[in-house]
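The next block holds one structure in the form of structure tokens; read it before the comments.
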């Protein structure tokens, strides 16, 4: 049976995503109001960092639940393939 996301991580991820949602609305407003470009870029960078933090939490959850479960149940190749996929995605940032 596949484990689900740990409650603590799920709670933190949802909270951070709500913050990102607010940041995105703020970014849209900044663009609409023709705010200073550097300020817009700073806000955009903060959003990227926040999303990266959420990704880190989700990856930690995956490795500590699904990844370990796959290894224990003879699905090491699948676990390795998924980890490599995430690694390749992270290189394309």
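The values are calculated or read from the model by the stated rules, or taken from the named source; none is laboratory data. Source: prediction; values computed, not measured. In this analysis, Cβ positions are derived from the backbone assuming ideal geometry, glycine residues included, and neighbour counts consider all displayed protein chains.
Matching residues to (1) over 13 Å from the mean Cα position of the chain (by Cα); (2) exposed (fewer than 11 other Cβ atoms within 10 Å of the Cβ); (3) in contact (Cβ under 8 Å) with a residue 24 or more places away in the chain; (4) part of a helix (DSSP H, G or I):
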| position | (1), (2), (3), (4) |
| --- | --- |
| 9 | no, no, yes, yes |
| 38 | yes, yes, no, yes |
| 42 | yes, no, no, yes |
| 83 | yes, no, no, yes |
Candidates 20, 31, 54 - the one that is modelled with pLDDT of 90 or more, surrounded by 12 or more Cβ atoms within 10 Å (Cβ to Cβ) and over 24 Å from residue 92 (Cα atoms):
31
Within the bounds of region 60-68, is there any residue that is free of Cβ contacts under 8 Å to residues at least 60 places away in the same chain, in contact with a helix residue (DSSP H, G or I) (Cβ under 9 Å, 6 or more places away or on another chain), at negative phi and loosely packed, with under 10 Cβ neighbours inside 10 Å?
no
Quick one: how many residues across region 44-59 are touching a helix residue (DSSP H, G or I) at 6+ places or on another chain (Cβ under 7 Å) and free of Cβ contacts under 8 Å to residues at least 24 places away in the same chain?
2
